[in-house]
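The values are calculated or read from the model by the stated rules, or taken from the named source; none is laboratory data. The structure displayed is predicted, hence computed values, not measured ones. Note that we place each Cβ from the backbone using ideal geometry, even for glycine, and neighbour counts take in every protein chain shown. We work out accessible area using only protein heavy atoms, side chains counted, and drop any ligands, DNA or RNA first. Shrake-Rupley method; radii C 1.70, N 1.55, O 1.52, S 1.80 Å.
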Amino acid sequence: MTMIWMIGLLWILQTGPVVCGDLSLLKEPADAIAIRHQALLLDCQAEGDPPINITWYKDGAPLYTSRHRELLDNGSLWIHSFQKKHGSVSDTGEYSCAAQNPHGRLVSRKAKVQLAFLSRFQVNPQPLSVAEGGVARFQCWATAIPGASITWERNRTALLTSDPRFTLLPNGVLQISGVTHEDAGAYRCVAINPAHRRHSEEATLTLTGSINHLEPVILSGPQNQTLTIHQTAILECIASGSPPPIVSWSRLDGTSIGVEGVQVLGSGNLMISDVSVKHSGVYVCAANRPGSRVRRTAQGTLQVQAPPEFVKWPQSVSYAPGDNVSFSCVAQGVPIPTLVWLKNGKYLNPGDNVWLSDDNQTLTIFRVTSIDEALYQCIAENSAGTIQASARLVVTVPNEPPKPPEGVEVLPISSTSILVTWKIPPPEVTDGIIGYVLHIRKAGDPSTSETQEALSKITFKHIVNSLEAGTKYVVFLRTYSPLGASNDSQVITVTTPGTVPRTPDISVTVVNESVVQVEWEASPAVQGYRLEYRKIPSGTFQGTQVLPGNSSSFIYRDLEPSSLYEMKLVAFSASGEGNSSRGYVSLKSATTIHEPVLSACQCEEGEKSVLGIALGIHLGVVVLVLGLLLLFYRKRIRCKTREEGEQVVDSHVLENTQNQGKTQDEEKGSAAEKEELMTQNPPAAPVHLEVIAESGPQGDEPAPGGDLDSP
């Protein structure tokens, strides 16, 4: 994917834009609320090379002038008397304007125009019976554009808002705390906006006995609501109980609610003025009974939307035929905005030489021709609003292109970045150019996959970041002027340094009470390894061994029996050292396998270790087999003696007795040999060895010795 240099050409120029005579919209129509029979003005002003023609659209269809609609000289639309309907046509809807001059055409954002109105009440206050000293709550609601102002009356007389027991919320809720007999009566609300004034139905408040519940009860908690930034959020929480509960607020995610713009209304309602995206979350109100841990909670979700705003927008440029051009457009908002592109006011779809990528954030035009010369717009839209930005593409045939940059040098400064520098041209050359474009791609990749970065004409060194380590790149520069691009500068190949290698995990095996073998899996990316150990609890590593990169094991000898050791392995390459891998081993229970067996073998270190272990296992098996043979031999002699004693004459009794005595002596001798053999070469099964192997910490600090217990 080609990432071309459409970043910052407005700031590249010091005296004006690269492309003269660009068409741009100075004012666009904004959302509006009109009042019936009153005038409404919708702005639309453009600047650029004349002549500029302004046209208007309503709900996507062309809007023509009439007796009550007039197009002003500056392009704005004047509606003399806004009407809900003119016959079968209404003045309400979505309005947009379009500006056109010889260079192209631009379309404005869509403005939503509504007629102010106030509906009948969908929610009327309901009759209430409240205990003296309790809490009363009335609510009314009507659809209104713009929002209506709500006031309350008792017995058709306006309530005194100065009484702290009365809380009037902007969303049409009336709360009365500490109700008394004087509060009894008929209540109604009054809604007023520019379109109308309405009264709700009346509801009677009567008093009963005293409060019969002691525990806190939340009569109304916060409701889920979705707002746009800069609006005001009202989170209601009204509770009853004896004594009156204390209301507190928190956020479910633990985030602080803050104090800026936050106000408590009445006995516990929360008002957040000028909300922003950071105020989105789940809010929890808690009603706590004083002097106890008894509490009741209710929660509601506040979602705050933000209209789109541009982080990066397209810039006007001039290119020669056959070049590849890219426009970038990045917008942020809540929810995430969608992006669409227009060419001369018409939606642009991918195809032929047009490519949209990165979720429509990048528009690429390959091998531009004169038919690609136009005004291009990026429109970002979400449920909270719409914005647009435009840029002009001019396709020119250069008469005499500028000279390419000279003295280009490239120096790697890290595994992911390089520094590109070039010679400063004379002032007369600098005055005649627009800027430079840096081209970079991986060696071997096609030119269509190269990355291009636009640079100011007063920039003569640049750092390229976000490269891949250990990778060869091809770098060159071009100079741009109003006549087009220069030839390529000297092409330079540079290789970024590789990254430090990863150290493999190690395993530690006990050979005998003073010999251990350390093993790991070798890696072709490793130049070598550094292996060392420390006796716990000592903090100093010793026995350092520097091993080649193809090594996969090493044997440490002459270690101190009945001790704990930590082994540490570090892989390194030309780029530096990697992290360390560590393993722990206990020699406290190890039993010696004769060292001469290991030293007598004329083989590699790894083979010696395996041979020693194999000999130990074989000796154990031999001892076990000898024991079984002796038991079998004794059983056979006894059976044979019993049979011969029943068949021979008395004269042979003495001889049999002597033979039995001889057999007992042989058995004693065999038993002695067995005991000696078992002492020198004990079987492997009873030996208990504990080996602890783990991947050590990322740093090189030794683990504290006090954390290991002997097995």
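Per residue, how big is the convex hull around the C-alpha atoms of segment 136-270? Give it to me in cubic angstrom, could you?
In segment 136-270, the Cα hull volume divided by residue count equals 140 Å³.
Please work out the C-alpha center-to-center distance from segment 116-177 to segment 450-502 and express it in whole Å.
Cα centroid of segment 116-177 versus Cα centroid of segment 450-502: 68 Å apart.
Restricting things to alpha carbons, tell me how big segment 30-188 is in terms of Rg and Dmax, in Å.
In order Rg, Dmax, the Cα atoms of segment 30-188 give 24.4, 78 Å.
May I ask you to give the solvent-accessible area per residue for segment 225-266, in square angstrom, as obtained with a 1.4 angstrom probe?
Accessible surface, normalised per residue, equals 53 Å².
Measure off 7 Å from each Cα along the Cα-to-Cβ vector at Val354 and Leu252, then give the distance between these two points in nanometres to one decimal.
Computed distance between label sites Val354 and Leu252 equals 4.4 nm.
More than 12 Å apart: what percent of Cα pairs in segment 472-532 qualify?
When every Cα pair of segment 472-532 is considered, 80 percent fall beyond 12 Å.
Return the carbon/sulfur percentage of the accessible area of segment 58-170, one whole number, probe 1.4 Å, all protein chains in place.
Looking at segment 58-170 in its full context, I get 51 percent from C and S.
Counting Lys +1, Arg +1, Asp -1, Glu -1, what net charge surrounds Asn155 among other residues with beta carbon under 13 Å of its beta carbon?
-1
Heavy-atom accessible area per residue, segment 500-569, 1.4 Å probe: how many Å²? Present the calculation step by step, with values, prior to reporting the outcome.
Numbers: 3030 Å² over 70 residues.
Heavy-atom accessible area per residue stands at 43 Å².
Tell me which residues come under 5 Å, amide H to amide H, from Thr471 once H is placed; ignore anything under 5 positions away on its chain.
Thr496
Using the structure shown, list the pairs from Lys85/Lys312; Lys112/Lys278; Lys403/Lys472 with a Cα-Cα distance above 31 Å, or answer none.
Checking Cα-Cα distances, Lys85/Lys312 exceed 31 Å.
So for each of 305-314, 445-454 I average, over its residues, the number of other beta carbons within 10 Å; can you give me the resulting order with the highest mean first?
Numbers: 305-314: 18.0, 445-454: 14.5.
In decreasing order of mean packing, 305-314, 445-454 become 305-314, 445-454.
With every protein chain present, what is the per residue accessible area of segment 330-422 (1.4 Å probe, Å²)?
That works out to 49 Å² per residue.
Would you mind counting up the charge near Asn101? Only other residues with Cβ under 15 Å from its Cβ, with Lys and Arg at +1 and Asp and Glu at -1.
-2
Starting from the alpha-carbon convex hull of segment 111-208, give the projected area averaged over all orientations, in nm².
For segment 111-208, averaging the hull's shadow over all directions gives 6.4 nm².
Please list, ordered by chain and number, the residues whose modelled amide H lies under 5 Å from the amide H of Leu115; skip anything fewer than 5 residues away on the same chain.
Ala34
State the percentage of accessible surface on segment 456-581 attributable to carbon and sulfur atoms; use a 1.4 Å probe and exclude ligands, DNA and RNA.
47
Taking +1 at the Cβ of each Lys and Arg and -1 at the Cβ of each Asp and Glu, which of Ser66, Ile54, Cys97 sits farthest along the dipole of segment 52-103 towards its positive end, judged by Cα position relative to the Cα centre?
Farthest along the dipole direction, towards plus: Ser66.
Show me, for segment 314-325, the HN-Hα J-couplings you get by feeding each phi into the Karplus relation (A = 6.51, B = -1.76, C = 1.60, θ = phi - 60°), rounded to Hz, glycine and proline as x.
Whole-Hz 3J(HN,Hα) from phi for segment 314-325: x, 10, 6, 8, 10, 9, 8, x, x, 6, 9, 10.
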